[in-house]
There are 2 protein chains.
Amino acid sequence: MADADTVAKQFVDFYYSAFDADRKGLAPLYRDVSMMSWEGQQFKGANDIVEKLVSLPFTRVVHKVTTMDAQPSLPGVTAIVITVTGQLQIDDEQKPMQYTQSFQLVDDNGFFVYNDIFRLNYA
Amino acid sequence: MADADTVAKQFVDFYYSAFDADRKGLAPLYRDVSMMSWEGQQFKGANDIVEKLVSLPFTRVVHKVTTMDAQPSLPGVTAIVITVTGQLQIDDEQKPMQYTQSFQLVDDNGFFVYNDIFRLNYA
């Protein structure tokens, strides 16, 4: 497979661009087997995940990635684990919030999100 | 397998207790195939990983876990992905630092760390 860092960088760029432009555009990145933990709440399957993302209570959001680390996942599958830390700014809030998001991507005729864990970081 | 949350909680408790007591005690948790990204530096295999951890430039450290999320990893293996956010306090520093650490654990006669990504979070 392409280098884990290269795949991860392309994915992360695409993911946050789509998130910030129109969260419905994330649907093709998830499948029925996908899992998401969002601030401790668990969601399973593309429908439930995207419904949650679309329902988040803000209109405008801008993500800024601070760090991104990727590693190949288990042998026998083409999969990558990624952990992102960054800042996000919503609507008219002045102060950005720190966040952490981890993904496992799996290649099955294109990469999709198998695991997704999102947390805001409060100091 | 046991529930992902239960395994994750036991692992995280053990990991940070061992880390804070004597970092050499982490060696049995890693194997030759293990990968660690530590503040962007990459390490492979239990020896290199534990050597790095032992060489970190502080004597005393206390981790406090703020959030922990776990999900089952890919089907066909017994594996779990975990993302922790927390605070750590080193030596005589008054102010704790925020950190994020993600693990993938794999069960092979007991769980070991396959992937490990660590980052400090700067506001």
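Miscellaneous remarks
- The set of residues in region B:48-73 being touching a Leu at 6+ places or on another chain (Cβ under 6 Å) and at the interface with chain A (Cβ under 9 Å from one of its Cβ atoms) is empty.
- First in region A:37-50 and crowded, with 19+ Cβ neighbours inside 10 Å, second anywhere and acidic (Asp, Glu) and at pLDDT 95 or above, Cβ under 7 Å, 6 or more apart: A:Ser37/B:Asp69; A:Ala46/A:Asp32
- Matching option when the condition is touching a Ser or Thr at 6+ places or on another chain (Cβ under 6 Å), of a type in the set (D, E, K, R) and crowded, with 20+ Cβ neighbours inside 10 Å, among A:Asp69, A:Asp107: A:Asp69
- Near pairs, Cβ below 6 angstrom, 6+ apart or cross-chain, from region B:4-32 (under 17 Å from B:Ile90 (Cβ atoms)) to any residue that is surrounded by fewer than 16 Cβ atoms within 10 Å (Cβ to Cβ) and of a type in the set (S, T, N, Q): none
- Any hit, region A:81-92, residues being within 9 Å of chain B (Cβ to nearest Cβ) and at pLDDT below 95: no
The values are calculated or read from the model by the stated rules, or taken from the named source; none is laboratory data. Fair warning: this is a prediction, and the values are worked out from it, not measured in the lab. Glycine gets a Cβ as well: all are built from the backbone with ideal geometry, and neighbour counts include every protein chain shown.
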